[in-house]
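Q: Could you have a look at this structure, given as structure tokens, before my questions?
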Amino acid sequence: MALKFKKSYKFALKSSFYIALFTFGFLAIANYFVLHYPFYYLIFFLIALTIFSFFVLQYRVENFIYKGVKKIYDDVSLLDTTDFRNNPITTDMATLTSEVQKFALDKKMEIESLKIREEYRREFLGNVSHELKTPLFTVQGYLLTLLDGAMDDKNIRKKYLQRAEKGVERLVYIVNDLDMITKLELDTLGIETAVFNVVDVVQNVLDLLEMRASKKNILLTFDRKYVRPIKVVADSEKIQQVLTNLVENSIKYGKENGTTEVSIEEFVNNKILIKITDNGEGIENHHIPRLFERFYRVDKSGARSEGGSGLGLAIVKHIMENHNEKINVESTFGKGSVFSFTLEKAK
């Protein structure tokens, strides 16, 4: 694409004026003491010199300085910045400097962003590999043991096949969560909003996870009895997924004989606030900024022993963002955590 040249006359105009003014002053002094020409001769000379200087300087600028400026643009354009190349070339140094500085700052920010993304990509691939490798190797180990002769023993065969099945279930769980979070990120998993009673959805989640909580003797409860329905506008299935993931986390990291309490409160701007409060392990402050990243685990060993895909909170974050809402967390290490999110209240 041919570069457009935007002419600037400031440099030539100012320089020619200074030259003419200096010459006029010199001649005025000489004329006063020696030459004694009429004053209008000096005025005519001043105008002529100004015009002549202007054209000479402008010509030199356009044909010599411009070449250097054009080379700067050509060098910069090698980095394929459309916005920069679309701007007309200017010989004004202040404008050029400003444009180059802006370009350099934009490129620096772009490079920093690419570095962060590359680091995130490497970490993500490492996490995916680790999450899939463990159940795969487990299943492979049991099957190889069976093929090596253990299948002849009926009891061992049944036990190892059951364990292999659990490994496959974990793989399916991880793959399903990966598929869901990919669709959420690409916005291909549509949000179907409707009016529903959020109290019923919370109760369904508590009933569903009651048996899992009972293994650690954790009590799942509301903060109080909700007699009247609380209607919200959202995707009920996705909100149930959010609540399930949050309550599952509270059980996973909860203490024996602990509690997980769900509260529903009136909030500002026609919103309601749902809180999931537990008295479990809590989260250290340095973990909180990364808590909703894919595969990020606070307790690297303990979390895996409890199962899960490592994608639960990332899915929660994306579902809430697709509802134009936010998920918040407050935690005190050793005392427990509070996860909360808002929903639009039905009118």
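The values are calculated or read from the model by the stated rules, or taken from the named source; none is laboratory data. Just so you know, these numbers come straight off a predicted model, no measurement behind them. Note that we place each Cβ from the backbone using ideal geometry, even for glycine, and neighbour counts take in every protein chain shown. Accessible surface areas use protein heavy atoms only, side chains included; no ligands, DNA or RNA. Shrake-Rupley method; radii C 1.70, N 1.55, O 1.52, S 1.80 Å.
Q: I'd like to check something: does the range 80-96 contain any residue that is farther than 30 Å from Tyr9 by Cβ, modelled with pLDDT under 70 and open to solvent by 50 Å² or more (accessible area, probe 1.4 Å)?
A: Scanning the range 80-96 turns up at least one residue that is farther than 30 Å from Tyr9 by Cβ, modelled with pLDDT under 70 and open to solvent by 50 Å² or more (accessible area, probe 1.4 Å).
Q: Here's something else I'd like to know. Select, from Gly336, Gly310, the only residue that is at pLDDT 90 or above and touching a helix residue (DSSP H, G or I) at 6+ places or on another chain (Cβ under 9 Å).
A: Gly336
Q: When you scan the range 36-50, how many residues do you find that are farther than 26 Å from Leu13 by Cβ and either surrounded by 12 or more Cβ atoms within 10 Å (Cβ to Cβ) or touching a helix residue (DSSP H, G or I) at 6+ places or on another chain (Cβ under 8 Å) (or both)?
A: Matching residues across the range 36-50 total 1.
Q: Of all residues in the range 291-304, count the ones that are modelled with pLDDT of 85 or more and either of a type in the set (Phe, Trp, Tyr) or outside any loop (DSSP other than H, G, I, E, B) (or both).
A: Looking only at the range 291-304, we keep the residues that are modelled with pLDDT of 85 or more, and these are 291-292.
Now drop any that are not either of a type in the set (Phe, Trp, Tyr) or outside any loop (DSSP other than H, G, I, E, B) (or both), which leaves 292.
Summing the residues that are modelled with pLDDT of 85 or more and either of a type in the set (Phe, Trp, Tyr) or outside any loop (DSSP other than H, G, I, E, B) (or both) in the range 291-304 gives 1.
Q: A further question follows. If I filter the range 191-229 down to residues being without any contact (Cβ under 8 Å) to a residue 40 or more places away in the chain and open to solvent by less than 50 Å² (accessible area, probe 1.4 Å), which single residue comes out as farthest from Gln241 (Cα to Cα)?
A: Taking the range 191-229 as the starting set, the residues that turn out to be without any contact (Cβ under 8 Å) to a residue 40 or more places away in the chain are 197, 200, 203-204, 207-208, 210-212, 214-215, 224-229.
Restricting the remaining residues to those that are open to solvent by less than 50 Å² (accessible area, probe 1.4 Å) gives 197, 226.
Numbers: Asn197: 15, Tyr226: 21 Å.
Within the range 191-229, the match that is farthest from Gln241 (Cα to Cα) is Tyr226.
Q: Also, I was wondering about something else. Of everything in the range 169-190, what is on the phi < 0 side of the Ramachandran plot and open to solvent by 70 Å² or more (accessible area, probe 1.4 Å)? Give them in sequence order.
A: Matches in the range 169-190: Glu169, Val172, Tyr173, Val175, Asn176, Asp179, Lys183, Glu185, Leu186, Thr188.
Q: Looking only at the range 261-276, which residues are under 27 Å from the mean Cα position of the chain (by Cα) and crowded, with 17+ Cβ neighbours inside 10 Å?
A: Ile272, Ile274, Lys275, Ile276
Q: Next question, about the same structure. Tell me, which residue of the range 1-27 that is modelled with pLDDT of 80 or more and of a type in the set (Gly, Ala, Ser) is nearest to Phe55 (Cα to Cα)?
A: Ser16
Q: For the range 135-157, does any single residue satisfy the condition of being at negative phi and touching a residue at least 40 places away in the same chain (Cβ under 8 Å)?
A: No, the range 135-157 contains no residue that is at negative phi and touching a residue at least 40 places away in the same chain (Cβ under 8 Å).
Q: Which ones in the range 235-252 are among the polar types (S, T, N, Q), out of contact with any Gly (no Cβ under 8 Å at 6 or more places or on another chain) and touching a residue at least 60 places away in the same chain (Cβ under 8 Å)?
A: Across the range 235-252, the qualifying residue is only Gln241.
Q: When you scan the range 236-253, how many residues do you find that are open to solvent by less than 20 Å² (accessible area, probe 1.4 Å), in contact with a helix residue (DSSP H, G or I) (Cβ under 8 Å, 6 or more places away or on another chain) and not β-branched (Val, Ile, Thr)?
A: 3
Q: Keeping to the range 324-341, report how many residues are more than 17 Å from the chain's Cα centre (by Cα) and either within 17 Å of Arg294 (Cβ to Cβ) or open to solvent by 20 Å² or more (accessible area, probe 1.4 Å) (or both).
A: Final tally of qualifying residues: 8.
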